[in-house]
Amino acid sequence: MLGNTPMMKQYEEIKKDYQDCLLFYRLGDFYEMFGPDAEEGSRLLGITLTARDGGMGKVPMCGVPFHSADNYIAKVIGAGQKVAICEQVEDPKSAKGIVKREVIRVISPGTILEGNFLQERSSNYLLAVARGEQGYGLAVVDASTGEFLATEVPDWNTLHNEFWRYDPVECLVTEGDEAVLDEVSRIAGENRVTMTAHHKHAFNLDYAEKKILEHFRINSLTSLGCEDKPLLTIAAGAILDYLNLMQKSRPANIMTLKVYSLKETMDLDYATRRNLELVRSLHSAERKDSVLGIIDYTRTAVGSRLLKNWLEKPLLNKAEIQKRLDTTEELVNDTTLRLSFKEHLEPVYDLERIVSRIAYGTANAKDLLALKNSLAQLPAIQKSLAQGKSSYLRQLSEGFDVLADIYELLEAAVHPEAPFSMREGNLIRDGYNQEVDALRDVLVNGKQWLVDLEQRERERTGIRTLKVSYNKVFGYYIDVTRSKSGDVPEEYVRKQTLANSERFITPELKELENRVLGADEKVKELEYQLFVQLRNTVGAHVARILHTAHSIAQIDCLFSLGQAAVYHNFCKPVISEDGQYILKDCRHPVVEEKLKDGWFIPNDVHFHPDKERFLIITGPNMAGKSTYCRSVAVASVLMQIGSFVPAREAVMPVVDRVFARIGASDDLSTGQSTFMVEMNEVANIVNNATKDSLIILDEVGRGTSTYDGLAIAWALTDYINNTIQAKTMFATHYHELTALEEQPGICNYSVAVKEDGENVVFLRKIIPGGADRSYGIHVASLAGIPEKILQNARTILRTLELEKEQHRPHVTQMDLFAAAQELEPVKAQPVMAVPEVLRELAAVNVNGLTPMDAMNLLFKLQKKAQEVVDHGTD
């Protein structure tokens, strides 16, 4: 117990229901914190910790000014904590005893509404996870925009991919379910995601169904598409329950629930999105040096967020892809139309977030002005849409609502210079309300009446220094210097004596004061009431405004794709029907942008489903193998969002998945080594890829010993080429793999190198044929390794190469693979004993092995084969 004063008792009574929050307790012009909250708040916010008498001793205390509280709240939220806002809910003047207070809202990382807490161009997702026997239900909402989605996933790996597709700031799990909390915490890793254990009853199916039906005011879940989907229903219901609890009101900006299947769009797994740097750079974790940073020319926040969504969910439907490509082509060719969109999209504010604040009742006059100024652009945007010829632009034009009635209402009602504060007046425009106009007239004339009174009293009394002044304690008064105080008329009533002056009032002055001050209070209260009515009126049209906002977002995305194509010289791809994949002069857009000035060397790529589906790419480090592979993967993703691609010419099929296994990194949060992370990613690829997939592999197997790595790379190549038959690019330093070109579908390519003595120039050009050297010492030289070390390395390399030529083992790695391919029983020889490794290999049922089983078997057999090589016996 902190204290026994009425205020401390009230504080503790409120605080007991918000133990997981910092309680911001309104006290006058400050939000105060007490006890442990004060100590934590002082530490987080860097503010002075003081103390207050609680009736039982001193209570730790700190506070922040209410008018600048947003900045402090943002710091608390940024630290992953919650803030409960406790306001005075009655007028202190009329309160009997202590002023009544209530928590009006709880702010957590996933329930933020205010723009200054949010990144304008990024969504702010709250995610909920429900676990069952059939997998997981996942629901995700952006409370600041009203976006609400849900799906079901079969396993932990898929949950991991979906989790990071949304990159949530907060995640809800069932209170008391430590298993789910542990699973989701492992996914979140060391990233800053606030884990919230929400009430167990909210994760009950019946309760969740009731919540969803009540919120959307429907009688059946069928209309939302979530019937017979209990896990996603539970997750969605839990999120709605949490939002109601936090906001103390129904989240009216959530108009629908989009139930989606992972098969509707291309499923890009977490590793692929990361390795291709689709939305953020691996090095800076920013969008600037990502694919999104290259193509994002959007002019609005709603458009930028939608473009990111497009990039992370490429289309699979050919007709939809073609529709976007055709619109992009029109905007590339019609400069006037493209620049018209740019001009009129630029002034449009974040409609989704403004409307959400209106729906929650937290929007201020500046928000309504921003809405009005945005709506002013809609007629011009509609006019530009009407000029479009593509089916997509015509479709958008037909359903485009310019919201003229809402614009006219806001234009007539909101004062063009309205302040942020809702209680300072000046919210309502002149001419909108007669009573407001009349009270303002009293205020204007009343001030002039006071000026006239002051002048009359000076002339009547002969006191030239007489002044009419005002303060909050006495109201209006007449100030006279002490030397002239004896000259005042008898009707002057003395109110206060100061060192140098006397203060008086008169009946006439009090009458004027009542009229002026009464008018001031009345007009401010009336303006506030009118503003709330206006906000509610606009709030009744949330669905219409959000519909137009989504149209604006799509127009902006299409403009952005057109602008990017023009600026970066992208070409329109042709969608192939026969599986052929041809890119001429393909470039990596991010690398090209960094190099500038034409330094990037483009390359061609050609896949044929039968003749050339698996490309083995060898060559030196730093020569451009990885960039070449990634450029092809990026081109596929761009094509399937409806974008032009960075190439001179492109003929491309629609792929069902893009996989990119690139680079090496430990996963410290789960205790996995570089090699284990690599193998997990490879297992995901071989277990999920089809013949219609595109696979990018870079240096698979280098996280273990040379023979182990080569064995895995060889078996993986064989399996993908012959079993999966996906379009694959494999960049490797295992030059031995080039022998696999004898298999149908496999082709060797390498990076061209120019040698002049010990000088080497990487030409960055991909040419047919394999490489036989890696030029690692040259790369070490480029990195600045001292020459003495390099000379020693060259000597050691020559020695090793000579030993390799002189000592060739009887049973080689290639012999082992040949035996593995034939898989015929080996008969015992009368003279020479058959190695144990071959007997074990002969007994294997290859058709019954999974890809991971095959890899594990190869590890085991390789070790035994090495013993044969080393000892010459079985």
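The values are calculated or read from the model by the stated rules, or taken from the named source; none is laboratory data. Just so we're clear, the structure is a prediction, and the values are computed from it rather than from any experiment. Cβ placement follows ideal geometry from the backbone for every residue including glycine, while neighbour counts extend to all protein chains displayed. Note: accessible area is taken over every heavy atom of the protein model, side chains too, but ligands, DNA and RNA are not part of it. Shrake-Rupley method; radii C 1.70, N 1.55, O 1.52, S 1.80 Å.
The number of residues in region 422-471 being of a type in the set (Gly, Ala, Ser) and without any contact (Cβ under 8 Å) to a residue 40 or more places away in the chain comes to 4. Checked against (1) under 30 Å from GLN533 (Cβ atoms); (2) in a helix (DSSP H, G or I), GLY431 meets all criteria but (2).
Note on region 399-421: among residues that are at pLDDT 95 or above and charged (D, E, K, R), the one that is nearest to HIS67 (Cα to Cα) is GLU411. Reported count of residues in region 380-397, each being under 31 Å from the mean Cα position of the chain (by Cα) and in a helix (DSSP H, G or I), is 12.
Residues that are open to solvent by 10 Å² or more (accessible area, probe 1.4 Å) and more than 24 Å from the chain's Cα centre (by Cα) within region 343-369 comprise GLU343, HIS344, GLY361, ASN364, LYS366, LEU369, listed in sequence order.
Hey, among GLU513, GLU508, which residue is free of Cβ contacts under 8 Å to residues at least 40 places away in the same chain and either in contact with a Cys (Cβ under 7 Å, 6 or more places away or on another chain) or more than 21 Å from ARG121 (Cβ to Cβ) (or both)?
On the way: GLU508 fails: free of Cβ contacts under 8 Å to residues at least 40 places away in the same chain.
The unique qualifying residue is GLU513.
Provide a single number: the residues in region 1-44 that are part of a helix (DSSP H, G or I), open to solvent by 70 Å² or more (accessible area, probe 1.4 Å) and in contact with a strand residue (DSSP E or B) (Cβ under 6 Å, 6 or more places away or on another chain). The qualifying residues number 1. Being open to solvent by less than 30 Å² (accessible area, probe 1.4 Å) and either modelled with pLDDT under 95 or charged (D, E, K, R) (or both) is a property that ARG661 has.
Quick check on this structure: which one of LEU231, LEU245, LEU240 is under 25 Å from the mean Cα position of the chain (by Cα), among the hydrophobic types (A, V, I, L, M, F, W, C) and under 30 Å from ASN684 (Cβ atoms)? So that I can check it myself, show each step before the final result.
On the way: LEU245 fails: under 30 Å from ASN684 (Cβ atoms); LEU240 fails: under 30 Å from ASN684 (Cβ atoms).
After applying the criteria, what remains is LEU231.
Among the conditions (1) of a type in the set (A, V, I, L, M, F, W, C); (2) open to solvent by 10 Å² or more (accessible area, probe 1.4 Å); (3) under 24 Å from ASP142 (Cβ atoms), the only one that VAL332 does not satisfy is (3). Scan region 240-251 and give yes if some residue there is of a type in the set (A, V, I, L, M, F, W, C) and in contact with a Phe, Trp or Tyr (Cβ under 8 Å, 6 or more places away or on another chain), otherwise no. No; the residues of region 240-251 include none that is of a type in the set (A, V, I, L, M, F, W, C) and in contact with a Phe, Trp or Tyr (Cβ under 8 Å, 6 or more places away or on another chain). Mind checking which residues of region 474-490 are over 13 Å from ARG458 (Cα atoms), assigned to a loop (DSSP other than H, G, I, E, B) and either touching a strand residue (DSSP E or B) at 6+ places or on another chain (Cβ under 9 Å) or small (Gly, Ala, Ser) (or both)? The one that is over 13 Å from ARG458 (Cα atoms), assigned to a loop (DSSP other than H, G, I, E, B) and either touching a strand residue (DSSP E or B) at 6+ places or on another chain (Cβ under 9 Å) or small (Gly, Ala, Ser) (or both): PHE474.
Yes or no, residue by residue, for (1) open to solvent by 30 Å² or more (accessible area, probe 1.4 Å); (2) under 20 Å from HIS160 (Cα atoms):
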residue	(1), (2)
SER185	yes, yes
VAL193	no, yes
HIS199	yes, no
HIS215	no, no
THR222	yes, no
GLY237	no, no
ASP241	no, no
THR265	yes, yes
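Scanning region 569-617 for residues that are touching a Ser or Thr at 6+ places or on another chain (Cβ under 8 Å) and among the polar types (S, T, N, Q) turns up just one, ASN603.
Criterion first (acidic (Asp, Glu) and either free of Cβ contacts under 8 Å to residues at least 24 places away in the same chain or assigned to a strand (DSSP E or B) (or both)) does GLU527 satisfy it?
Details: acidic (Asp, Glu): yes; either free of Cβ contacts under 8 Å to residues at least 24 places away in the same chain or assigned to a strand (DSSP E or B) (or both): no.
For GLU527, the condition - acidic (Asp, Glu) and either free of Cβ contacts under 8 Å to residues at least 24 places away in the same chain or assigned to a strand (DSSP E or B) (or both) - is not met.
Being part of a helix (DSSP H, G or I) and open to solvent by less than 40 Å² (accessible area, probe 1.4 Å) holds for only one residue in ASN161, ASN71, ASN157, ASN124, and it is ASN161.
From the list LEU797, LEU763, the one residue that fits, being part of a strand (DSSP E or B), surrounded by 11 or more Cβ atoms within 10 Å (Cβ to Cβ), at pLDDT below 85 and out of contact with any Ser or Thr (no Cβ under 7 Å at 6 or more places or on another chain), is LEU763.
Are there any pairs with C-beta distances below 6 angstrom linking a residue in region 268-283 that is under 21 Å from SER693 (Cβ atoms) to a residue that is crowded, with 23+ Cβ neighbours inside 10 Å and aromatic (Phe, Trp, Tyr), with the two at least 6 apart or on different chains, and if so which? Listed pairs, sorted by first residue: THR272/PHE659. For region 82-102: of the residues being in contact (Cβ under 8 Å) with a residue 60 or more places away in the chain and surrounded by fewer than 19 Cβ atoms within 10 Å (Cβ to Cβ), which is farthest from the chain's Cα centre (by Cα)? That would be GLY97. ILE187 meets the conditions (1) at pLDDT below 90; (2) in a loop (DSSP other than H, G, I, E, B) in every case but one. The failed one is (2). Checked against the criteria, PHE24 does not count as modelled with pLDDT under 95 and closer than 25 Å to GLN247 by Cβ. Scoring THR690 on the criteria (1) among the β-branched types (Val, Ile, Thr); (2) modelled with pLDDT of 85 or more; (3) open to solvent by less than 10 Å² (accessible area, probe 1.4 Å); (4) part of a loop (DSSP other than H, G, I, E, B) leaves a single failure, condition (3). Among the criteria (1) of a type in the set (Lys, Arg); (2) in contact with a Lys or Arg (Cβ under 9 Å, 6 or more places away or on another chain); (3) within 30 Å of VAL106 (Cβ to Cβ), the one ARG353 does not fulfil is (2).
If you go through region 141-161 and pick out every residue that is of a type in the set (A, V, I, L, M) and more than 14 Å from ILE187 (Cβ to Cβ), you end up with 4.
Answer yes or no: is there a residue in region 769-788 that is aromatic (Phe, Trp, Tyr), modelled with pLDDT under 75, assigned to a loop (DSSP other than H, G, I, E, B) and touching a Pro at 6+ places or on another chain (Cβ under 8 Å). Spell out the reasoning first.
The first filter runs over region 769-788 and keeps only residues aromatic (Phe, Trp, Tyr), leaving 775.
Adding the requirement that they be modelled with pLDDT under 75 leaves 775.
In the following step, the residues that additionally are assigned to a loop (DSSP other than H, G, I, E, B) were identified as 775.
Of the ones still in play, those that are also touching a Pro at 6+ places or on another chain (Cβ under 8 Å) are 775.
Yes, because at least one residue in region 769-788 is aromatic (Phe, Trp, Tyr), modelled with pLDDT under 75, assigned to a loop (DSSP other than H, G, I, E, B) and touching a Pro at 6+ places or on another chain (Cβ under 8 Å).
Suppose we filter region 603-654 for residues that are at pLDDT below 95, of a type in the set (Val, Ile, Thr) and open to solvent by 30 Å² or more (accessible area, probe 1.4 Å); how many remain? Selection size over region 603-654: 1.
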